[in-house]
Amino acid sequence: MAAQDGQEPRETLAAGERAARLAARAERRQGGFEHVALPPLPDVPGMIAPAEQRYLYWLTRATFAGQGAVVEVGTWLGKSALHLAAGLRDAGLGGTLYCFDRFRWREPAEGPHGLVQGSDTLPLVRATLLPVHRDVVLTATEIKDLRWQQGPIEILFLDAPKAHRPFVRCLREFGPSLLPGVSLLASQDFAYPRAYAQALCLGRLVDRLELVHVAGNLAGFLVRKPLPQGRELAELLDERSFAAEESLRLWDSFLARIEEQKTRRQMRPGICLHLYARGERRLACRLIREMEFTPHMRKRWAGWAAERETCRLYRGLFAALGLVPARRFPWPFRRERR
């Protein structure tokens, strides 16, 4: 094939190999993906675990079939994108990686390479990714302003949207471009308790999305049927409509399909955050008292309890775990002298 826009020529994929790659993608796999050998890659700051890094590289290296684009929402400094890009490179089939992010350093503390609050991170990410895979498109945007007009999507990796509205916004924008029987939606932090909205939304789409992969906190869903669009999707996933009984059923259904005990144990308390946030506080506190917390989990939850805004939202839940005093006003204040 002729090269376009300065890209290297792309190999033509035979029908048999395309079918084999799609079959590999549809195969149920859980664990650390230790069978995947990563190539040498730059050391980039990031929060994805080694198992998730291996999974993302495997996903593009072994299953990309040239049927559409690879899309990532939430690139930060490019660690996850780097593994997706390396997989595309090593697959030898071309393919464009589209990355969407604010591309702004938002932390008050100084970041890598001298980044300060408000710094543009896009040049840094571009310098990381382009030497690995030349066909990368970086777009600086807020999730609410996302627009997709580049055709079919073969792999959609959602990292940034943790809360309900941003997650639904991504599904509304990218969902119509997902191909049944081909596309895979990878949800980063699916098993992360504070990202409970992901599991609830995906639970309501269980007749259209099949859970096939789990690696660390990340879950991969094969698209079996077209997703609802527009208003239909918004109404189906309306966060006010997730009653306690259904939410518990969806949660238990996913937990039953996760093989790794550590992942199940970490994900389980997430339902309590959801129930507490929607007003089912007694139920949430009772359930969380009954759950097993490892020292690592307790340390993590203690860190969340120390966050002022998070403590304000879930104070009773933290009190049920003995992490904060059970009082009405979470933070002392001093009256200004006049």
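The values are calculated or read from the model by the stated rules, or taken from the named source; none is laboratory data. Just so it is clear, the model here is predicted, and its values are computed rather than measured. Quick reminder, even Gly has a Cβ in these numbers, built from the backbone with ideal geometry, and neighbours come from all protein chains shown.
Could you count how many residues in the stretch 219-257 are more than 23 Å from V182 (Cα to Cα), outside any helix (DSSP H, G or I) and touching a helix residue (DSSP H, G or I) at 6+ places or on another chain (Cβ under 7 Å)?
Of the residues in that region, 2 qualify.
Evaluate the stretch 163-185: report whether one residue or more is assigned to a helix (DSSP H, G or I), of a type in the set (V, I, T) and more than 17 Å from G68 (Cβ to Cβ).
yes
What about V36, is it touching a residue at least 40 places away in the same chain (Cβ under 8 Å), crowded, with 16+ Cβ neighbours inside 10 Å and assigned to a loop (DSSP other than H, G, I, E, B)?
no
What tally of residues in the stretch 43-66 results from selecting those that are out of contact with any helix residue (DSSP H, G or I) (no Cβ under 6 Å at 6 or more places or on another chain), touching a residue at least 40 places away in the same chain (Cβ under 8 Å) and more than 19 Å from L158 (Cα to Cα)?
Adding up the residues that qualify gives 1.
Hey, any hits in the stretch 190-208 for a residue that's under 19 Å from R21 (Cα atoms), in contact (Cβ under 8 Å) with a residue 24 or more places away in the chain and of a type outside the set (V, I, T)?
For the stretch 190-208, residues under 19 Å from R21 (Cα atoms), in contact (Cβ under 8 Å) with a residue 24 or more places away in the chain and of a type outside the set (V, I, T): absent.
Filter the stretch 99-114 for residues that are surrounded by 21 or more Cβ atoms within 10 Å (Cβ to Cβ) and closer than 20 Å to L156 by Cα; which is farthest from the chain's Cα centre (by Cα)?
Within the stretch 99-114, the match that is farthest from the chain's Cα centre (by Cα) is F103.
Please identify the pairs in which a residue from the stretch 132-143 that is closer than 19 Å to L88 by Cα has its Cβ atom under 6 Å from the Cβ atom of a residue that is part of a loop (DSSP other than H, G, I, E, B), counting only partners at least 6 apart or on another chain.
R134/Q7; D135/Q7; D135/T96
In the stretch 258-272, how many are of a type in the set (A, V, I, L, M, F, W, C), assigned to a helix (DSSP H, G or I) and either outside the structural domain of W301 (by TED's automatic domain parsing) or more than 11 Å from L287 (Cβ to Cβ) (or both)?
Residues flagged as of a type in the set (A, V, I, L, M, F, W, C), assigned to a helix (DSSP H, G or I) and either outside the structural domain of W301 (by TED's automatic domain parsing) or more than 11 Å from L287 (Cβ to Cβ) (or both) within the stretch 258-272 amount to 1.
Being under 24 Å from R28 (Cα atoms) and of a type in the set (K, R) is the filter here; which residues of the stretch 46-99 pass it?
R54, R61
Is it fair to say D189 is surrounded by 19 or more Cβ atoms within 10 Å (Cβ to Cβ), among the acidic types (D, E) and closer than 17 Å to Y57 by Cβ?
no
I'd like to verify a number: residues in the stretch 115-162 that are surrounded by 15 or more Cβ atoms within 10 Å (Cβ to Cβ), not charged (D, E, K, R) and not in a strand (DSSP E or B), how many?
Residues flagged as surrounded by 15 or more Cβ atoms within 10 Å (Cβ to Cβ), not charged (D, E, K, R) and not in a strand (DSSP E or B) within the stretch 115-162 amount to 15.
How many of the residues making up the stretch 83-112 are of a type outside the set (A, V, I, L, M, F, W, C) and within 14 Å of P39 (Cα to Cα)?
4
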